[in-house]
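Engineer: Quick one: the structure is below, and I'll ask about it shortly.
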């Protein structure tokens, strides 16, 4: 059979391209990433190099999607654990004179606040913008500028607009 021009491997023009088998490190890498959300740790557990993993991701969109799904699964687990500690609490042992006499349930208010900020950011966000506006008004007054104009100009710059 004569080779057609441009077919160095002898394939027919209508035959699918040869695909390389995926690297052996993919499943261990994705498994570790889905548990720990830590690329460095996943690379080590999979026996791969960090550069090989990132290069493979850049060339294989399906693997990039699997990577993102594995990472999100680990973050979901992390969020569930934060929720458990904030809402259901954790039992901590109580000792008296070196002897365990019981347990006390402790809850994490800090985790509760962060979960609320994440799930309802408009309602529970930090109100930093008020402080920034107050400081802008003080600066404008000190410089003899109109505070509202100064704030409007700062907002335009923050949006990436060219100052006028």
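The values are calculated or read from the model by the stated rules, or taken from the named source; none is laboratory data. Since this is a predicted model, take the numbers as computed values, not measurements. Cβ atoms come from the backbone with ideal geometry, glycine included; neighbour counts cover every protein chain shown.
Engineer: Being closer than 27 Å to residue 35 by Cβ and either more than 24 Å from the chain's Cα centre (by Cα) or assigned to a loop (DSSP other than H, G, I, E, B) (or both) narrows it down to one of 148, 91, so name that one.
Structural biologist: 91
Engineer: Can you tell which of 156, 85 is in contact with a strand residue (DSSP E or B) (Cβ under 9 Å, 6 or more places away or on another chain) and either in contact (Cβ under 8 Å) with a residue 24 or more places away in the chain or on the phi < 0 side of the Ramachandran plot (or both)? Lay out the reasoning, then the answer.
Structural biologist: Values: 156 fails: in contact with a strand residue (DSSP E or B) (Cβ under 9 Å, 6 or more places away or on another chain).
When all the criteria are applied, what remains is 85.
Engineer: If we keep just the residues of segment 104-127 that are in a helix (DSSP H, G or I) and either at pLDDT below 90 or more than 15 Å from residue 85 (Cβ to Cβ) (or both), which is nearest to the chain's Cα centre (by Cα)?
Structural biologist: Ranking the candidates gives 118 first.
Engineer: Exactly one condition in (1) at pLDDT 95 or above; (2) farther than 24 Å from residue 74 by Cβ is false for residue 13; which is it?
Structural biologist: (1)
Engineer: Continuing with this model, one more query. Those residues that are surrounded by 10 or more Cβ atoms within 10 Å (Cβ to Cβ) and out of contact with any helix residue (DSSP H, G or I) (no Cβ under 9 Å at 6 or more places or on another chain), I need them from segment 46-59; list them, please.
Structural biologist: The answer is 55, and nothing else.
Engineer: On the basis of being touching a helix residue (DSSP H, G or I) at 6+ places or on another chain (Cβ under 6 Å), farther than 30 Å from residue 27 by Cα and assigned to a helix (DSSP H, G or I), does residue 140 make the cut?
Structural biologist: Considered against the rule, which asks whether it is touching a helix residue (DSSP H, G or I) at 6+ places or on another chain (Cβ under 6 Å), farther than 30 Å from residue 27 by Cα and assigned to a helix (DSSP H, G or I), residue 140 comes out as yes.
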